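The values are calculated or read from the model by the stated rules, or taken from the named source; none is laboratory data. It should be emphasised that the depicted structure is a prediction, and the values quoted were computed from it without experimental measurement. Note that each Cβ is placed from the backbone with ideal geometry, even for glycine, and that neighbours are counted across all protein chains shown.
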Amino acid sequence: MVLAGLRLLHTDEPNALPHEHIVGTPVPRKEGLDKVTGRARYVDDIALPGMLYGQTVRSTIPRGRIREIRYGSGVDWTEYVIVTAKDIPGRNVVALILDDQPCLADGVVNHPEEPILLLAHPDRHQLSRAAEAIEITYDPLPAIFSIEESERQSEVIWGTDNVFKSFLVEKGSLEGIWERAAHVVEGEYSTGAQEQLYIENNGMIGAYDEEAGVTVWGSLQCPYYVHKALMAVFALPEEKVRVVQMETGGAFGGKEEYPSMIAAHAGLLAMKAKRSVKIVYDRLEDMAATTKRHPSRTRHRTAVDANGIILGGEIDITMDGGAYATLSSVVLSRGTIHAGGPYYWPNVTIRSKAVATNAPPQGAFRGFGAPQTLFAMERHIEHIAEVVGISPVEIRKRNFLKPGMTTTTDQLIRENIDLEELLDHALELSQYRDKKQRFTQQNERANVKKGMGIAAFLHGAGFTGSGERYLNSLVGVEALADGTVRVLVSSAEFGQGTNTVLCQIAAEALNIPYDRVTIAQPDTSVVPNSGPTVASRTAMIVGNLVRSAAVGLAQTLEASCGLSRSFTYEEFRQACRKHIEEHGQLKSLSRYEAPPGIFWDDQKYRGEAYAAFAWAIYVAEVSIDLTTYSVSVDDFVALQEIGKVLHPRLAEGQIAGGVAQAIGFALYEKVVWQMGRMQNHQMTNYIMPTSADLPPIRVFFKELGNVHGAYGAKGIGELPMDGPAPAIVNAIQDALGIPFDYIPLLPEDIYQRLAIQSPAPVVEG
Amino acid sequence: MRADPSHYELVAPQNLEAVLALMDREPGAWTPIAGGTDLMVLYAAGKLPACKLVSIWNLPELRQIEVLPEEIRMGAGCTYTDLRTNDIIAREFPLLASAAAWTGGIANQNRGTVGGNIVNASPAADSLPALLVYEASLTLVSARGERKLPYGQFHQAYKRHALQPGELIRTIRLPRRFSGYFSYARKVGARRAQAIAKVCIAALGKVEGGKIVDARIALGSVAPVPLRLGDTEEALLGKNPERELATLAAQTVARQIQPIDDIRSTVRYRTAVAANLVAEFVEALGSQAGRE
Amino acid sequence: MALIPETAKQTIELRVNGLPRSVLVRPMERLLDVLRHELGLTGAKEGCGEGECGSCSVLLDGQLVNSCLVPIAQAHGSSVLTIEGLTADKRLHPLQQAFLSCNGAQCGICTPGMILAAVHLLNKHPEPTLAEIREGLSGNLCRCTGYSQIFEAIRQAANPGASE
């Protein structure tokens, strides 16, 4: 059996309703039928009448001034619509946080693949050749490509010091700890870039009309981010910008902010052409030009006592943000807050910074900074264990956070989480001790070395600190005259199950059948802004608002139609009809309210960083074949505490999918850079795992509830990304006795290290 | 999709004769396309300069597997699936059957052809080392007639081969001499499926009276062309297949190969793994001989 | 690269989902594009254009192929099965049913190709082992599921009565 399936290990649900019968059950995926029949409509499946096709012409150098743009002969340029920065009616920015990224380069380029101009033509086959016929000459400027080069500041490419953002977190005091320590353990850990590799490439259709303004349809996660960005580019008011999300074929963060850029491009071409324009990237372009996970370097210096207990330490984090700020500050923030892992740090100083290099800007990718710093922490804790002379299990048990303790940002752990018990359970499920013992014996003679590795971690759900208050999310639940109920949110479905879970919640809250609840296609002219579909916030936070809006709807009917508290669905239907006859519509809105007593200091980066943490222990079993130095993950146990399992199948699917991506992050997915440009920008040489490469991923859940989440749920979308990579590298160390402190870790890297240890050609035996 | 179909011609004559006549009429102008698994990738990337294509897909003359007492004659248009589903090939030419199973996924095996693999001449091609050790010979055909060529002489340099303008590979002939041999094949790629080989090996060995009487070893991805390791083969002949010999054999490998650093792997890795694979072959040969 | 004069369109006749279809297209149009643009069958998707991801998979004369790699002229006279052809009389194919109950489709973009690969697999191996399933799907990349629930779906479709 591949997946052991959902197993609830311990249920303690303080805020669950007594008779849940929809939430927590495996109802059919709302849009599942469309997906399995091929009827689901993604942006490239649509053509509007008279639509043109668009193409982006991009920089071929990493940094410099544009000297000249020549439109070559052999092309009838009158057939093409051409847009440059000059055509932008509003501000030439992709509005996000710092607004430093131009929508189209204007005289200067700061990374390879930076968009310079746009072409459109009725025949999509005429675009490549035309793009190739455009000659752009540059005056190159010196460019930088690594964290170290950026830190050196011999070339300052952004701001005054190449630093997009920095944070300082100070808890307690480091005074005297180095002297008190029995051991001072240092380490440096690095992670590489990773491509989100959604199977559907980025795409948008743009339309422009003097009356209606600009409309875009596309593959995206955050309709209102795109909306805000288009308002800026087109200098249009809210009501003249409309963003519609099409079925989206995977996103993982890669479509959090990049769609704003491509939407603006499609809109600009449509404006100039006076016809709708579709831009869909091919894989070559999408991989080379769009955002990736921030590469990182984390340095630890930790003081521990003779028993391996952490007295305190310094953590130094640097992330490579590429050429523009985009989301670097927020990625850095999350990485900073998670850097201490699930451990108690009585004293810690965390310094972090995101720096600029001349590569396409990095962006959001599932985990958003946490996979990077948690990789470091989970490798470092093993390093500490080794120095102190105790086991990976023991070191963690001695340092785990417990209820009543505080995190690195002084957040009090209030819930009843018992990480030692969780760890023991994971070890049991994975047969860790048995296998480790067996492998130690086998490895002496075997050519294929086996090992077991653990990772313990946490993931905060929702926007950090006061982020949710800032988002000020608004959700609607509407009833129609026939008694069907429609959920109105800007939260996007892209495989994770948003549509299903939010409908389950509405159905549960109203106590009406699940199949009577629908969810509106995210269209900014129809749905309110429930915030972006990121940060593992949707089920937990938006879900809670759906619940309260649904309850509000029932209360409205109670008041207007005398609907009794425990109504039947038929009664509900009648009441809806009656109310709509009398009042025209029946819509209930619910707005986010920050829970009272939640304190967060944005200056000192101190306080309650997240409304809830999910907790996890992952265990990996690996083999390394010394003939080929390849690592195979043979078994994987993913055990997590997630508040409440809203939908068993969807939750399993999220974890399994995230684990698979993280296995890729650890062992397969290397971005090969040359002068800031991705060289292996094809699926044939950017390697993600196939069905033949992945082990059975065994998923288990524990539920402790969550007062701040719908039906006790915590966000889980990103959690599974944090643990597998360090668990695997820990397992590799267990198997080979060699520590590796960077990922991706390829067979070539393992070979190199082994060769250094034994200079003769390594041969079997 | 970066190519413009309006600037590409593709004709599909009904039989081989018509194809060859066309190629003869305009020498060098027409590029044969079989299953398209190589050419269509280049095409979609906008990197196929050859814009006049003649389809040789599914031509009956090229898609037969003829079984004769002394040899198998595989049409160059046989797909990897055709190879995998043929009993004789599975039984008597397991190196080729393995290679076919390792090439791409099922969809690409249904379209990729042996002839295409040979003519595309990628040094990383999966089935070519097997053809070398099985002593394959090719029948080349043009409008002017046929000629035969030992497969070992087909590849002359990186992506340069012995086909003359107007010529196609018609048949790959495999002598049925290797049933009694121990066979060992392994492909090392970045993942277990859909991977281009970083190194691959096809090897045959025969042990009689405790001594190796024949050894044939070929590697892919370690040179501009698929490579027989003649020196290693010679070093093995007449010896006892045991651990020391495996180590010795491994040491002969480095000087015969010329691997490169490329987007997929490194010289050092390829060299080490090639040596390891040879050692593994010799040890496996020894184990098997020991069991008999 | 010197351009040849524009190639004429030609009539290609083929059976698609059981029906005879005729298209007037250039011979080097990809089967994928003909299905999507000429025939309005948008179930097959373009994920990579290189024959790596399998999201364009269809059955061509009963064989699983990547339609992004097939020039339409080579499909003349052939029969093609796309995802749209699986739903007979509004009834779901057992694989479609199983993908629904096992959550085998998350974002759905790989799903049409994946289901057809599974159809092809079950045609050859009606009760496939896990190894056969892995191999049968190894040319179809899924970024969302980690494949586990897809394997479950296939096992369920192959063996509807069996319990886990």
The condition of being in contact with a strand residue (DSSP E or B) (Cβ under 7 Å, 6 or more places away or on another chain), within 30 Å of residue A:250 (Cβ to Cβ), not charged (D, E, K, R) and not assigned by TED's automatic domain parsing to the domain that holds residue A:265 holds, among A:192, A:187, only for A:192
In the range A:389-448, anything in a strand (DSSP E or B) and out of contact with any helix residue (DSSP H, G or I) (no Cβ under 7 Å at 6 or more places or on another chain) is listed as A:406, A:412, A:448
Within the range A:363-414, the residues that are under 21 Å from residue A:606 (Cα atoms) and among the aromatic types (Phe, Trp, Tyr) are A:368, A:400
State yes or no: is residue C:150 within 14 Å of chain B (Cβ to nearest Cβ) and either out of contact with any helix residue (DSSP H, G or I) (no Cβ under 8 Å at 6 or more places or on another chain) or surrounded by 23 or more Cβ atoms within 10 Å (Cβ to Cβ) (or both)? no
If you go through A:744, A:739, the only one that is touching a residue at least 60 places away in the same chain (Cβ under 8 Å), more than 18 Å from residue A:652 (Cβ to Cβ), within 20 Å of the chain's Cα centre (by Cα) and surrounded by fewer than 22 Cβ atoms within 10 Å (Cβ to Cβ) is A:744
Checked the range A:107-166 for anything more than 32 Å from the chain's Cα centre (by Cα) and of a type in the set (Val, Ile, Thr); matches are A:134, A:136, A:137
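For (1) at positive phi; (2) in contact with a Leu (Cβ under 6 Å, 6 or more places away or on another chain); (3) assigned to a loop (DSSP other than H, G, I, E, B); (4) buried (at least 24 other Cβ atoms within 10 Å of the Cβ), each residue gets a yes or a no:
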residue: A:337; (1), (2), (3), (4): no, no, no, yes
residue: A:340; (1), (2), (3), (4): no, no, yes, yes
residue: A:345; (1), (2), (3), (4): no, no, yes, yes
residue: A:350; (1), (2), (3), (4): no, no, no, yes
residue: A:353; (1), (2), (3), (4): no, no, no, no
residue: A:362; (1), (2), (3), (4): no, no, yes, yes
residue: A:372; (1), (2), (3), (4): no, no, no, yes
residue: A:375; (1), (2), (3), (4): no, no, no, yes
residue: A:378; (1), (2), (3), (4): no, no, no, yes
Restricted to the range C:129-146 and to residues being within 12 Å of chain B (Cβ to nearest Cβ) and part of a loop (DSSP other than H, G, I, E, B), the residue nearest to the chain's Cα centre (by Cα) is C:140
Output for Cβ contacts, cut-off 8 Å, separation at least six or different chains, first residue within 12 Å of another protein chain (Cβ to nearest Cβ) and buried (at least 23 other Cβ atoms within 10 Å of the Cβ) in the range A:188-211, second of a type outside the set (S, T, N, Q) and part of a strand (DSSP E or B), reads A:195/A:678; A:200/A:42; A:201/A:280; A:203/A:42; A:203/A:218; A:203/A:278; A:203/A:279; A:203/A:280
Condition set more than 8 Å from chain C (Cβ to nearest Cβ) and of a type outside the set (Lys, Arg), scope the range A:27-45, selection farthest from residue C:112 (Cα to Cα): answer is A:27
Counting only strands (runs of 3 or more DSSP E) wholly inside the range B:98-201, the ones holding at least 1 residues that are away from chain C (no Cβ under 14 Å) and in contact with a Cys (Cβ under 9 Å, 6 or more places away or on another chain) are B:168-175, B:182-188
Checked the range A:235-267 for anything assigned to a helix (DSSP H, G or I) and surrounded by 24 or more Cβ atoms within 10 Å (Cβ to Cβ); matches are A:258, A:259, A:260, A:261, A:262, A:263, A:264, A:265, A:266, A:267
Within the range A:157-172, the residues that are farther than 16 Å from residue A:359 by Cβ and in a loop (DSSP other than H, G, I, E, B) are A:159, A:160, A:161, A:172
If we ask which residues in the range A:41-86 are within 26 Å of residue A:673 (Cβ to Cβ) and of a type in the set (Lys, Arg), their number turns out to be 4
Taking the range B:89-103 and the residues there that are in contact (Cβ under 8 Å) with a residue 60 or more places away in the chain and surrounded by fewer than 24 Cβ atoms within 10 Å (Cβ to Cβ), the one that is farthest from residue C:62 (Cα to Cα) would be B:92
Here the residues within the range A:394-406 that are in contact with an Asp or Glu (Cβ under 9 Å, 6 or more places away or on another chain), buried (at least 16 other Cβ atoms within 10 Å of the Cβ) and not basic (Lys, Arg) are A:395, A:400
Residues in the range A:268-278: is at least one assigned to a strand (DSSP E or B), among the small types (Gly, Ala, Ser), more than 20 Å from residue A:98 (Cα to Cα) and more than 28 Å from the chain's Cα centre (by Cα)? no
- Any hit, the range A:483-492, residues being outside any helix (DSSP H, G or I), outside the structural domain of residue A:535 (by TED's automatic domain parsing) and over 28 Å from the mean Cα position of the chain (by Cα): no
Taking first residues from the range A:313-334 that are within 15 Å of residue A:463 (Cβ to Cβ) and of a type in the set (Val, Ile, Thr) and second residues anywhere that are crowded, with 24+ Cβ neighbours inside 10 Å and at pLDDT 95 or above, the pairs with Cβ under 6 Å that are 6 or more apart or on different chains are A:331/A:294; A:331/A:368; A:331/A:369
The correct count of residues that are among the charged types (D, E, K, R) and loosely packed, with under 15 Cβ neighbours inside 10 Å in the range A:156-186 is 5
The condition of being within 25 Å of residue A:680 (Cβ to Cβ) and within 19 Å of the chain's Cα centre (by Cα) holds, among B:230, B:220, B:205, only for B:220
In the range A:647-687, anything within 13 Å of chain C (Cβ to nearest Cβ) and among the hydrophobic types (A, V, I, L, M, F, W, C) is listed as A:650, A:651, A:655, A:656, A:659, A:660, A:662, A:663, A:665, A:683, A:687
Quick check, is residue C:36 among the basic types (Lys, Arg) and over 25 Å from residue B:47 (Cβ atoms)? no
Selection from the range B:249-264 of residues surrounded by 22 or more Cβ atoms within 10 Å (Cβ to Cβ), part of a loop (DSSP other than H, G, I, E, B) and not basic (Lys, Arg) yields B:259
* Asked: In the range A:731-747, is there at least one residue being under 16 Å from residue A:462 (Cβ atoms), of a type outside the set (Ser, Thr, Tyr) and assigned to a helix (DSSP H, G or I)?
  -> no
Among A:31, A:13, the single one that is within 24 Å of residue A:650 (Cβ to Cβ), acidic (Asp, Glu) and modelled with pLDDT of 95 or more is A:31
Among residues of the range A:688-702 being among the charged types (D, E, K, R) and either surrounded by fewer than 22 Cβ atoms within 10 Å (Cβ to Cβ) or closer than 15 Å to residue A:426 by Cα (or both), the residue farthest from the other protein chains (Cβ to nearest Cβ) is A:702
